[in-house]
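Remarks on the structure that follows.
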Amino acid sequence: MTTIGLVQGDITREAADAIVNAANSSLLGGGGVDGAIHRRGGPEILAECRALRASRYGRGLPTGQAVATTAGKLPARWVIHTVGPVWSSGEDRSGLLASCYRESLRVADELGARSVAFPAISTGVYGWPMDDGARIAVETVRAAETAVEEVRFVLFDTAAYEVFARRVEA
Ligand code: AR6
């Protein structure tokens, strides 16, 4: 049984076995969560990302998939990088967003991680509406078959926290 917790704050401050990065296919950094993780985690994370690009992911990490690196100086053992879909009003990409949560938990299981902190994937630069992003996040984690004992959603602001809280209570 996986427990779901909610925290308002900066995910780079969370102590968990693994924290999830809302990355892009390049794995080479960006803004939002991704920028904060590389800034605070230090150059070791980027070095492992570059090595992944030079080996398994020559063409980048596909949307909906996940891969782990060290967490560098962050208070976690691993960063699990996943690539959310860009929001589209014309096309339903929710399967890809659900896949980010499912695949991140699968990677966490491979690592032996027991606690995982997630941001609200795709709800920033990638434009996904917060309420729908929260619905997919909570439903997918609840349905996942995983040995992860604790999933914590780390929401940047009060509004996002309240949206997630309503979905968790629903
Ligand atoms: N801690 C927790 N949540 C945060 C933090 C933080 N430090 N910073 C932002 N958020 P985003 P995406 C929230 O844009 O939409 C990057 O450039 C934010 O308010 O980080 O998946 C990547 O390189 C929002 O609710 O990720 C990609 O190119 C949520 O985290 C692209 O952005 C996700 O926002 C990915 O876009």
> Once you have the alpha carbon radius of gyration of the chain, what is it after dividing by 2.2 N^0.38 Å, with N set to its residue count?
Replying inline: 0.94
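Among rounded, prolate and oblate, which fits the stretch 21-66 when a ≥ b ≥ c are the square roots of the eigenvalues of its C-alpha gyration tensor, a/c under 1.5 means rounded, and a/b larger than b/c means prolate? Present the calculation step by step, with values, prior to reporting the outcome.
Details: a/c = 2.56, a/b = 1.32, b/c = 1.94.
Judged from the Cα gyration tensor, the stretch 21-66 comes out oblate (a/c at least 1.5, b/c at or above a/b).
Per residue, how much accessible surface does the chain expose to a 1.4 Å probe? Answer in Å², no decimals. Before the final figure, lay out the partial values.
Numbers: 7990 Å² over 170 residues.
Computed with neighbouring chains in place, this is 47 Å² per residue.
Once every DSSP H run of n ≥ 4 in the chain is given -39500 (n - 2.57) and the sum is divided by its residues, what mean residue ellipticity at 222 nm do you get, rounded to the nearest 500 deg cm²/dmol?
The per-residue figure over the chain is -12500 deg cm²/dmol.
The values are calculated or read from the model by the stated rules, or taken from the named source; none is laboratory data. Since this is a predicted model, take the numbers as computed values, not measurements. Each accessible area value is taken on the protein alone, full model and side chains, heavy atoms only, with ligands, DNA and RNA left out. Shrake-Rupley method; radii C 1.70, N 1.55, O 1.52, S 1.80 Å.
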